[in-house]
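Working notes for the structure below.
Each reported figure results from applying straightforward, stated rules to the coordinates on display, with no laboratory input. Only a predicted model underlies this, so the values are computations on that prediction, with no experimental measurement involved. We place every Cβ from the backbone using ideal geometry, glycine too, and count neighbours over all the protein chains shown.
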């Protein structure tokens, strides 16, 4: 009987300790993630600066930049859903700056029914945007259908080759193209579920403790 009681105590206390540790670990991750989101918000809200000569993901992602120039040539369509503007195609165009550089500009969302509408490049303009190195593409992303201009993720390197630009992408905060709805970068869509995970682990710890206590109660009642 004593051995059974000791076994329940060890398993019960050990299980509660592990579940509590997981909960507190998720709280630490929450603090870490909130720090990252605050840094991103700070970069997004900063005053726009001229486009760096050689921007790098480690130091320049989300940096606010100012561009003067014009969208040119063909545009690429990236199938996109779940945006504030609905489902459609992100339009990625080559953008030629007034200094002669060619980069990629994410101009915004094109409705599905307007896919074949002619592009409206318009006159040279000045606009603000944010540098991004999107992580849309992974091992399960289908290859683009180049013949029908269907892309399934923003692949910076591959798109730069097709559009003959630098492998640099800026997401516009506004767009002069009447077909499009701008999709500026924000932190709302970045997942931060660590608090929910922490609550789940703490609840499991409570349940584990209650069940262990109940087993001890049942066991001790039998000896009375």
The simple spin-label model distance between residue 3 and residue 192, using points 7 Å out along Cα→Cβ, in nm, is 5.2 nm
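Take the Cβ-Cβ distance between residue 49 and residue 13 as r, set R0 to 41 Å, and report the resulting FRET efficiency rounded to the nearest 0.05. Numbers along the way, then the final one.
Numbers: r = 56 Å, r/R0 = 1.37.
FRET efficiency, residue 49 to residue 13: 0.15.
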Using just the C-alpha positions of the chain as equal point scatterers, what log10 of I(q)/I(0) does the Debye formula give at each q in 0.13, 0.15 1/Å? -0.80, -0.97
A chain fully extended from residue 221 to residue 138 at 0.36 nm per residue, minus the present Cα-Cα distance, gains in nm 24.1 nm
Could you compute the FRET efficiency for residue 99 and residue 56, with r as their C-beta to C-beta distance and R0 at 30 Å, rounded to 0.05? 0.95
If you find the alpha carbon centre of segment 115-145 and of segment 1-22, how far apart are they in angstrom? 55 Å
Can you tell which of 144, 184, 118 shows the greatest fluctuation in a Gaussian network model of the chain with Cα springs below 10 Å? 118
Using just the helices of the chain, give the 222 nm mean residue ellipticity in deg cm²/dmol: DSSP H runs with n ≥ 4 each add -39,500 (n - 2.57), and the total is spread over all residues, rounded to 500. -13500 deg cm²/dmol
Please report the antiparallel percentage of DSSP beta bridges with both residues in the chain, rounded to the nearest 5. 85 percent
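Report the full-extension gain for the segment residue 120 to residue 207: residue separation times 0.36 nm, less the Cα-Cα distance, to one decimal in nm.
Details: separation 87, 0.36 × 87 = 31.32 nm, distance 6.05 nm.
Working it through step by step, the gained length comes to 25.3 nm.
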Top mean-square fluctuation among 143, 96, 166, Gaussian network model of the chain, C-alpha springs under 10 Å? 143
Any idea what log10 I(q)/I(0) is at q = 0.14, 0.17, 0.18 Å⁻¹ for segment 63-172, Debye with uniform C-alpha scatterers and no solvent? -0.53, -0.79, -0.90
Any idea what Rg and Dmax come out to for segment 176-215 if you just take the C-alpha atoms, in Å? 21.6, 68
Picking from 156, 78, 207, which is most flexible by a Gaussian network model of the chain using Cα springs under 10 Å? 207
